[in-house]
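Q: Here it is, the structure, as structure tokens.
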Amino acid sequence: MEDIAAESGLTKRTLYNNYGDKDTLFRQMVDDTVAYAESFARDLHEEFTVGITKVNVAARLDALGVRLALGIVRPEVVALRRMLIGESRDFPAIGREYFDRAPGQVLRALEEGFATLTRRRILRAPDVQTATSQFAYLVAGAHLDLAVMTGHLPSRGGIEATARQGVVTFLARFLHHAVPRAAKRAP
């Protein structure tokens, strides 16, 4: 609590007056991040159901990958994840709740979207859950891991470049390519 008070420019007394205890503070931080994730997931539902076609899928997933990476690898998310890891022994339920309500919710929305694109034969993802995990890690995972473990946030340009490269890799594996029918041989 002393570190949090110092980092936020508050006295420890002010922090306790506003939040009461560490558990309440963690819950507020989780709730703030969850609200962001809920908004992101809602937007994903609409985005996948309207407007993604075979023609624009690369551009649309590129924009989505960049948005996802920038939404994940941001100071408040990294700080929360670092605290949750540090306090997981004392507050294991908060970590699980955070995962289920924030990253888990976004992953479920991505999974539904990729399933829709697979049914529409835009993507070829027989295991949508694996495809979703791979997409998320390709666009943000390495930067998130580095930021959580070191506390150092990469540049916005670096995050965007990695996300775009991740989308290219994802599409190389999962983009549905129509297989031409074998030409009939002349007798």
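Q: Give, as ranges by residue number, the residues of the range 101-130 whose backbone N falls under 14 Å from the point 7 Å along Cα→Cβ of Thr53.
A: Taking a point 7 Å out along Cα→Cβ of Thr53, the residues of the range 101-130 whose backbone N falls under 14 Å are 122.
Q: Separate question: Over the chain, what relative contact order in percent results from Cα pairs under 8 Å that are six or more residues apart?
A: 27 percent
Q: For percent of Cα pairs over 31 Å apart, several values are listed as (1) 7; (2) 11; (3) 29; flag the one computed from this structure.
A: (3)
Q: Taking 0.36 nm per residue of sequence separation and subtracting the Cα-Cα distance, how much length would be gained by fully extending the chain between Arg27 and Ile85, in nm to one decimal? Each step should come with its number before you reach the end.
A: On the way: separation 58, 0.36 × 58 = 20.88 nm, distance 1.43 nm.
Stretched out fully, the Arg27 to Ile85 stretch lengthens by 19.4 nm.
Q: What does the net charge come to around Leu171 if you take all other residues with beta carbon closer than 14 Å to its beta carbon, with K and R at +1 and D and E at -1?
A: Details: positive: Lys54, Arg60, Arg124, Arg164, Arg173; negative: Asp62.
Here the count lands on +4.
Q: Computed FRET efficiency, Cβ-Cβ of Ala172 and Asp100, R0 35 Å: what is it to the nearest 0.05?
A: My answer for the efficiency is 0.65.
Each value in this text was obtained by applying a stated rule to the coordinates, not by laboratory testing. Remember, predicted model here, so these are calculated numbers, not experimental data. Ideal geometry is used to build each Cβ from the backbone, glycine not excepted, and the neighbour counts take in all protein chains shown.
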